[in-house]
Each structure stands twice: as structure tokens, then as C-alpha cells.
Amino acid sequence: MVFLISVPVLLLFGWLIWQYARPRAIEPVTPDATYSQLLQQHVAYYRALTDDRKKEFDKRVAHFLSTARIEGVGTTVDELDKVLVASSAIIPIFGFTDWYYPLTNVLLYADRFNEDYQTEGDNRMILGMVGEGGALQSTMVLSKPALHEGFDNKTSKDNTGIHEFVHLLDKVDGATDGLPEYLLPKDHSKPWLQLIHKSIHDIRANQSDINPYGVTNEAEFFAVVSEYFFKRPDLLQEKHPALFARLEEIFRQNPLATNKTVN
Ligand SMILES: [Zn+2]
């Protein structure tokens, strides 16, 4: 009797594991024409793509928006907000095919917030945050004004949305530590960390134009320098060619080349 019950239970259990663990191809989702117009108008990275790559970007955006729920907290969420969140997500992984995020919720706050997610009062310095542990594991919180500012201001090196999604990429190997182990060949880890430490030293010595927030730790440095890489690749390549080359290797793309894929 026990045997008769346990066989179906084991089969079900095995099937669930297989469903969860197997590599999943990106399910086709029909891109919304409104989204490609919004991307064209508001996302400089998208405008620089070839037509073929734009079509691919449209598909990735549509897929992301079919899997992640974007909600406003004390604010509304419109189509442009959704497109900007999706762009922040797709830009860092556009060099990889079949990548997706284990993310189900993005909360947009009306303003900057503090560590208790309060948008009023002092100490509201936080522009974005990735949840740690429990139910927050699959949730990202972003300040809506900061999200927009990252795409509106064409000359800055900042993009809060990209910053937060780079933290997620960094976290794929289990540690948010500035070292995306799945993306760098093993023998490149040490030179990458040495380059981070040298760059942090330069920021501390006031000899760098990289966002000083990057001195916080290796993970924050990786996130701020990635914003710089995707936002102002021209400037990063000119001023920090070694960092540019490593980031091109990590993200498998060159944002200065129109097709943006490193072969
Ligand atoms: Zn950060």
C-alpha cells in the first residue's frame, strides 16, 4: 500500500524538480507596437541598435513584461514606466540569449525612500533596492523619478534602473560582491578585483570621475561602473579603457558598436 502511494508521489516530485530545474527557452510573446515607439523615443541605447537588434530587444521587453509585475506605491504606473523598467532589465543581459530574471515584482515608489521604505522624512537617500531574503527575494524597489532621470538625462553617467538589475546579475552566483563568477573566466577574477580596488583607490584620491558611491564596496563599484558603461560608453572607453575592456567581456557586448554583441 505504502508502495502504491509513494510511487505516484515520487513521480510527481521528480516531475516538479524537472520542471523547475530544466533550462527554459524564452517563451515567445508578441511585442506591443506602443512599446517600440516608447523605446525609440526614450531609450538612447535602443535608438543606437540595428533594426534586427531592435526587434530582438522588443521581444525581450515583451517577455520581461509578461513575467514581472510592476506596481506603483503611492504613484501610478503607465506604459512608459513599464518600458523603462524593462529596458533597465534587458540592457545588461542583451549580450546573452535566453537569460531571464528570477524577479516577479517591481515596486515603483513616488520618491526616494529610506531603509524602511518610507518616502517621507529625513534620510531618504535610496533610489533603488533589490530585496534580500524571504518574500523580498523576488522584489525590486525603484524610485520612479530616479528611474526616469536615468533615461532622460543623456549626458550623465547614472542610471538607477540598470544599477539595480546589475546587482541582480551579480547575485546569480549567490553573492552580491562585484564578482559575477558565471560571467568571467576563473583566471580573470583576480585581475578584475585588482582593477576594482585600484579604481576605488583613485576615487578616494579624487583622481576619478566615477560616481564616489562606488567606494562603498566592490558590489556598488561594479553597479556604478556598469551604469557608466551603458550610459556613456564613449567616455568610459576614453577615460578608463581597462575597465571598459573588462565590462565588455563581462556583459558580452560593446555598447559603442551598433549591433552590440561581442562575438
Ligand atoms: Zn547599489
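The values are calculated or read from the model by the stated rules, or taken from the named source; none is laboratory data. Predicted model only: the values in this text are computed from it and were never measured. Counting neighbours? That spans all protein chains shown, and the Cβs are built from the backbone with ideal geometry, glycine included.
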Requested in this report: Scan segment 174-191 and give yes if some residue there is under 23 Å from V77 (Cα atoms), hydroxyl-bearing (S, T, Y), modelled with pLDDT under 90 and part of a loop (DSSP other than H, G, I, E, B), otherwise no.
Outcome: no
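Do you know which residues across segment 209-221 are assigned to a helix (DSSP H, G or I), more than 9 Å from the ligand (Cβ to nearest atom) and in contact (Cβ under 8 Å) with a residue 40 or more places away in the chain?
Step one: list which residues in segment 209-221 are assigned to a helix (DSSP H, G or I), which gives 212-215, 218-221.
Pick out the ones that are also more than 9 Å from the ligand (Cβ to nearest atom) and you get 212, 214-215, 218, 221.
Residues satisfying the conditions are E218, F221.
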Report task. Please work out if V83 is surrounded by fewer than 18 Cβ atoms within 10 Å (Cβ to Cβ) and at pLDDT 95 or above. Result -> no
Report task. Please name all residue pairs, on different chains or six or more residues apart, with Cβ atoms under 7 Å, provided the first residue is in segment 163-189 and is within 19 Å of V224 (Cβ to Cβ) and within 16 Å of the ligand (Cβ to nearest atom) and the second residue is of a type in the set (F, W, Y) and outside any loop (DSSP other than H, G, I, E, B). Result -> V166/F222; D170/F222; G178/F221; G178/F222; L179/W192
Query raised in the report: Can you tell me how many residues in segment 149-161 are in a helix (DSSP H, G or I) and either within 11 Å of the ligand (Cβ to nearest atom) or of a type in the set (S, T, N, Q) (or both)?
Result: 1
